[in-house]
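Enquirer: Can you read through this structure? Questions will come right after.
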Amino acid sequence: MSEGNGRAPGGRAPGGRATIRISGLTKSFGDQTVVNIDELVLGAKPVEGLIGPNGAGKTTLMRLIMRSTKADTGTVTLEDGSSEVMLSKLPPHRIASLGVVKTNQVTQDFAGLTIWDSLLLAVAQRHDERPHRVYRERHVRESHGEEIRSYLDLFEFSEPEGFAHSTGEKKLLDVIRCLLLKPKILLLDEPTAGLPDDVTAQVIDMLRAKVAEGMSVVIVEHDLDVIWGFSDVVHFMAEGDVILEGDPAYIRAHSTVVEKYLGSGHV
C-alpha cells in the first residue's frame with residue numbers, strides 16, 4: 001500500500017482515539033473476491049474517507065466490520081487505549097455497544113414507527129426494546145428527549161412528530177440514530193445521498209462538532225466535494241483492497257486514482 005501520511009506506531013491513534021485493525025480479511029461471493037485486505041487500520045485520524053470505483057468493496061468492508069456480513073477469513077479488532085476487543089467474534093449489537101456504529105447505504109425504515117418512536121427505540125436498553133413497552137417507558141424519553149428534540153429542531157423535518165418521508169429525511173434519521181448511541185467510531189455509508197447542499201453542509205458541520213469531542217468518522221461518499229473538504233486522510237479502494245492512502249490532495253492528484261476513478265477531467 002502506498003501512503004501519503006504516516007500512522008502512529010502499532011496502529012494506535014494519536015490523542016487516544018479508538019482504532020479498528022483489520023488483518024487478513026477476505027470475502028468472496030461465488031468465484032468473485034469482493035474484499036481482500038492484508039492489513040489496514042481505520043480511525044487513526046479524526047475523519048477518514050473511503051473512496052473507489054463501484055464494486056471496489058467499500059460497503060462490504062463496512063458490513064464485515066459490523067458483522068452484518070460474515071467474513072471468510074481474517075480478524076477485525078477494536079483497539080481503545082490499553083484494551084483490544086476482537087469484533088470479528090461478536091454479534092452486531094455488541095459491536096455497537098462497544099462504540100462502533102454504522103449507518104445504512106440503503107435507508108431502512110422501522111415500519112409504522114414515527115420519527116420519535118424510531119429514535120427512542122434506537123437508545124432504549126435491550127430490556128426496554130419490546131415495541132409494546134419502550135414507548136411507555138418515561139425514563140427513556142426523559143433521558144434522551146432533549147437531545148432528540150435538538151436534532152429535530154436543527155434539521156427541520158417536515159413532520160417531526162410524524163414520519164420521515166423523503167429519502168433525505170430517512171438518511172438524516174439514520175445518522176441521528178447512530179449519533180444518539182455516542183459512537184467512538186462512526187462508519188458512514190453515503191450519508192448525504194438525497195440531501196440538498198445546504199442540509200449536507202449542516203450534517204458535515206454537526207459531524208465536525210462530534211469529531212472535536214473525540215468521535216472518529218470513516219465515510220464512504222460519492223460526493224467528492226464532501227470527501228476532499230471533510231477528510232483528514234483518504235483511503236482509495238479498488239478490487240477489494242485499499243491500494244493507496246494519504247491526505248486528500250495526494251489522493252486527488254494520484255495517477256492511479258485519476259485513471260481508475262476520477263477521469264482526466266476531474267480537475
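The numbers here are math on the coordinates, done by the rules we state, and not lab data. Keep in mind that this is a model prediction, so the values were computed, not measured. Counting neighbours? That spans all protein chains shown, and the Cβs are built from the backbone with ideal geometry, glycine included.
Enquirer: Give, to the nearest whole percent, the P(r) tail of region 132-259 beyond 18 angstrom, counting all Cα pairs. Working shown, then result.
Expert: On the way: 4903 of 8128 pairs.
Beyond 18 Å sits 60 percent of the P(r) for region 132-259.
Enquirer: So if we plug the beta-carbon distance of residue 167 and residue 70 into 1/(1 + (r/R0)^6) with R0 = 51 Å, what FRET efficiency do we get, rounded to 0.05?
Expert: The computed FRET efficiency comes out at 0.95.
Enquirer: Test of understanding: ordering 59, 256 by Cβ neighbours within 10 Å, fewest first, what list do you get?
Expert: Ascending number of Cβ neighbours within 10 Å: 256, 59.
Enquirer: I would also like to ask the following. Report the Cα-based extents of region 227-267 along its three principal axes, largest first, to the nearest Å.
Expert: On the principal axes, region 227-267 reaches 26, 22, 12 Å in Cα extent.
Enquirer: Quick one: in region 141-183, what % of C-alpha pairs are over 16 Å apart?
Expert: On the way: 291 of 903 pairs.
So the portion of pairs separated by more than 16 Å is 32 percent.
Enquirer: Based only on the alpha carbon positions, what is the Kirkwood hydrodynamic radius of region 20-103, in angstrom?
Expert: With all distinct Cα pairs of region 20-103 included, I get 13.3 Å.
Enquirer: Here's another thing I want to ask about it. Label-point separation (nm) for residue 225 and residue 84, each offset 7 Å from Cα along Cα-to-Cβ?
Expert: Result for the modelled spin labels: 4.3 nm.
Enquirer: On a full-extension model of 0.36 nm per residue, what is the gain between residue 54 and residue 193, subtracting their alpha-carbon distance, rounded to one decimal in nm?
Expert: Full extension of this stretch gives 48.5 nm more.
Enquirer: Within the set of other residues whose C-beta is less than 14 Å from the C-beta of residue 76, count the net charge using Lys and Arg as +1 and Asp and Glu as -1.
Expert: Around residue 76, the surrounding residues sum to +2.
Enquirer: Which of the GluC sites (Glu not before Pro) found in region 212-267 are in a DSSP loop and have at most 16 neighbouring Cβ atoms, other than their own, within 10 Å? Could the numbers behind the result be given before it?
Expert: Numbers: sites: 213, 221, 239, 245, 259; in loops: 213, 221, 239.
Listed in order of number, the matching sites are 213, 239.
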